[in-house]
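Trainee: Got a structure for you, written out below as structure tokens; questions coming shortly.
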Amino acid sequence: MTLFEIWVERARMGWDRTRSFATGRIEAWRDASPWQIAALVALGLLALVLLLPLALAAVLVLLVAGLIVFWIGEFVGLMRLPDEAFPGRHDKLVWSILMIVLPPVGAIAFWIYRRRDPLLGWPDKPRSPWHDDDL
């Protein structure tokens, strides 16, 4: 007797209210043949194989979008800094070329450099006209 036949038989006889839902499910699995269980496992693995690339693609898209936003933020921060904030004469030019040629590496390197140099820091954001320093 297959699992489907057991369910049809129970539907015709009516559900026994004295048994719990879980007990009926466990008994139905005991009555299932090995090929039915193997088919369900194979279907589960097939679904996993088909859906895993979609999940990985979504994670990859989110990662790339995050890197783009991070790069834009670091590049804008670099451009907002005055030339006097850097120790060398051409440092700002070198950093901008590095960030354009090697976007992820340049942005991460500039982020680390900016965090380690206390004089460089991050440029102040423009203050809101409603900001009151007297409070």
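Trainee: Applying the Karplus parametrisation 6.51 cos²θ - 1.76 cosθ + 1.60 with θ = phi - 60° to the phi angles of the stretch 55-68, what ³J(HN,Hα) value in whole Hz is obtained for each residue in order, glycine and proline being reported as x?
Mentor: So the J values, rounded to whole Hz, are 5, 5, 5, 5, 5, 5, 4, 5, 5, 5, 4, x, 5, 5.
Trainee: Follow-up question, since we're still on this one. Using θ = phi - 60° and the Karplus relation 6.51 cos²θ - 1.76 cosθ + 1.60, list the HN-Hα couplings for the stretch 35-46 in order, rounded to whole Hz, with x at every Gly or Pro.
Mentor: Values per residue, Gly and Pro as x: 5, 5, 5, 4, 5, 5, 5, 5, 5, x, 5, 5 Hz.
Trainee: Label Trp111 and Val59 with points 7 Å out from Cα along Cα→Cβ: what is the distance between them in nm?
Mentor: Taking the two extended label points, one gets 1.9 nm.
Any read-out appearing in this document is the output of simple, stated calculations on the displayed coordinates, not a laboratory observation. Keep in mind that what you see is a predicted model, and the values were worked out from it rather than measured. Reconstructed Cβ throughout: ideal geometry from the backbone, glycine too, with neighbour counts over all protein chains shown.
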